[in-house]
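Working notes, structure below.
The values are calculated or read from the model by the stated rules, or taken from the named source; none is laboratory data. These figures come from a predicted structure and were not determined experimentally. Methodologically, a virtual Cβ is constructed for each residue, glycine included, from the backbone with ideal geometry; neighbour enumeration extends over all protein chains shown.
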Amino acid sequence: MELVDLIIGGTGVVKGLLLLLGLGYDEKIMKEEIKRYYEDFMKMKSTPADNKVDELIAFVVDDNFKPGTHQRGQNWGYLFALKNLKESIVKFYFTSLEEIQKGKGEFTDVRDVYLRISEYMLQLMRLRIVIDPDYKLSRNKHPQTGITYLAIKAYWIDDEGKKVRKFTKSIGREDHYKDGIDDKKAAEDGLKLIQPVLYDYYKEIYPD
């Protein structure tokens, strides 16, 4: 996806989009509202609809999380960080070039704007994988005791935007779980262990 095809202003529409970021993530309603706000915005600017812009805004708003992700208590703080990040992205994306150039001198040409939006997209992908980790459980047998342990292995998003396996945490003995590696509690315990590791790494990269 080409991330910079249109950098324009529109306060009312931006406020509407920011409001959507705080809603309950009903996918159907969300997509209908995004389409309506976007179409109104393009009419106001007398600019033909642009599918690339539409796709980018939809990508920002639609997390495509697995069911139950928003209900997990452990995710509440992460979801708040996600909302703030999305607000920053939307505000920047709909800021005029004139306003951008009034900033701290960070942006001197279109290339700088393109790179900043690309960085935002990568950051968004990484925070999403903190909130809804891509992981697998594995077995490891201790060579001396013969006891089988469970571990969780989680993926990260590298600088190229690709998923790579990066983090591993031991969950505990498999015989502590009734259904072994298929036990739902084993997966939940693994998530509780691996998410802070992912978030700590995220904060190392994005401390602010």
Just to be sure before I move on: is Tyr149 in contact with a helix residue (DSSP H, G or I) (Cβ under 8 Å, 6 or more places away or on another chain) and within 20 Å of Gly68 (Cβ to Cβ) in the structure I sent? no
Has segment 30-39 got any residue that is at pLDDT 80 or above and not assigned by TED's automatic domain parsing to the domain that holds Thr168? no
Output the qualifying pairs, or none if there are none: Cβ atoms under 6 angstrom, residues six or more apart or on different chains, first residue in segment 175-199 and closer than 17 Å to Arg139 by Cβ and touching a residue at least 12 places away in the same chain (Cβ under 8 Å), second residue of a type in the set (Ser, Thr, Tyr) and outside any helix (DSSP H, G or I). Ala186/Tyr177
From the set of residues in segment 82-117 that are polar (S, T, N, Q) and more than 18 Å from the chain's Cα centre (by Cα), which is surrounded by the most Cβ atoms within 10 Å (Cβ to Cβ)? Thr95
Applying the selection to segment 174-197, what residues are buried (at least 17 other Cβ atoms within 10 Å of the Cβ) and among the β-branched types (Val, Ile, Thr)? Ile194, Val197
Exactly one of Gly146, Gly180 is on the phi > 0 side of the Ramachandran plot and touching a Ser or Thr at 6+ places or on another chain (Cβ under 9 Å), and that one is Gly180
Residues that are under 22 Å from Asp208 (Cβ atoms) and at pLDDT 95 or above: list the helices (runs of 4 or more DSSP H) wholly contained in segment 72-180 that include at least 2 such residues. 110-131
Sort out which residues of segment 67-81 are within 15 Å of Pro196 (Cα to Cα) and either surrounded by 15 or more Cβ atoms within 10 Å (Cβ to Cβ) or outside the structural domain of Glu119 (by TED's automatic domain parsing) (or both), and write them in order of number. Arg72, Asn75, Tyr78, Leu79, Ala81
In the list Lys83, Lys91, which residue meets the criterion of being over 15 Å from Arg116 (Cβ atoms) and touching a residue at least 60 places away in the same chain (Cβ under 8 Å)? Lys83
